[in-house]
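I have placed the structure first, in the form of structure tokens, so that the comments after it can refer back to it.
The values are calculated or read from the model by the stated rules, or taken from the named source; none is laboratory data. Quantities reported herein were computed from a predicted structural model and do not represent experimental measurements. Every residue, glycine among them, receives a Cβ derived from its backbone with ideal geometry; neighbour counts consider all protein chains shown.
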Amino acid sequence: MGSAMKNLFIKIDHYLGLSYRFSLIFLTLFLTGMMAFAVFLRYVLGQSLPAIEEISILVGVWLYFIAMVAVTRERGHLTGGILDLFSLSSRTRRQIKTFNDLVGLSVICVFAWYAYKYLAFTLKIHRSSTNLSWPTALWVVSALFGFSFMALYKLRDLFVHEDNYTQYDNKSPHPSSATLKDTV
């Protein structure tokens, strides 16, 4: 039962990772195309389309929060690597990493709470965008999505991350005591 559940979570995570990457590629190309079109309109045709500015902000915000989730999933955040300079036991390294994960999770949860409160506020007052009159909840949901999935991946890190390489870990250099851990 436990192994089947673990395999299911690994498979779901794999497909989520693919969807993040596909979304990042699509949104980046879409945003680039919109910006090129806006430049063409403004400087070649002497026209402007205010809706493009709103849509570009919407796409940019979603791109930003999906990228945050992808980086958190892969443990790709910038780190100083100062632990590698000290000769610490594996237990001490795990405790420091656990503390860091707890602090990160706490900060993410605070931001998620405020994103939720802001979403409730925008839904309550029926706030809409200036040019397209789209509900601003479309923008705010991106933050709630990003912080929620970041929190889930930080929870995963609390229970999975040890002083080992894993399929999620792309940091370098690793401590010499790190070994490849098979997650399947």
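Overview of results
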| item | result |
| --- | --- |
| Residue in segment 30-68 that is nearest to the chain's Cα centre (by Cα), counting only those that are among the small types (Gly, Ala, Ser) and on the phi < 0 side of the Ramachandran plot | Ala67 |
| Selection from segment 35-71 of residues that are closer than 22 Å to Trp139 by Cα and not in a helix (DSSP H, G or I) | Leu49 |
| Residue selected from segment 86-134 under the condition among the basic types (Lys, Arg) and in contact (Cβ under 8 Å) with a residue 12 or more places away in the chain, by the criterion farthest from Leu158 (Cα to Cα) | Arg93 |
| Residue within segment 14-34 that is in a loop (DSSP other than H, G, I, E, B) and either in contact with an Asp or Glu (Cβ under 6 Å, 6 or more places away or on another chain) or not aromatic (Phe, Trp, Tyr) (or both) present | no |
| Check on Arg91, within 29 Å of Val160 (Cβ to Cβ) and in contact with an Asp or Glu (Cβ under 7 Å, 6 or more places away or on another chain) | no |
| Conditions (1) more than 13 Å from the chain's Cα centre (by Cα); (2) at pLDDT 80 or above: number failed by Gly80 | (2) |
| Members of segment 75-134 found to be surrounded by 14 or more Cβ atoms within 10 Å (Cβ to Cβ), assigned to a helix (DSSP H, G or I) and polar (S, T, N, Q), listed by number | Thr98, Asn100, Thr122 |
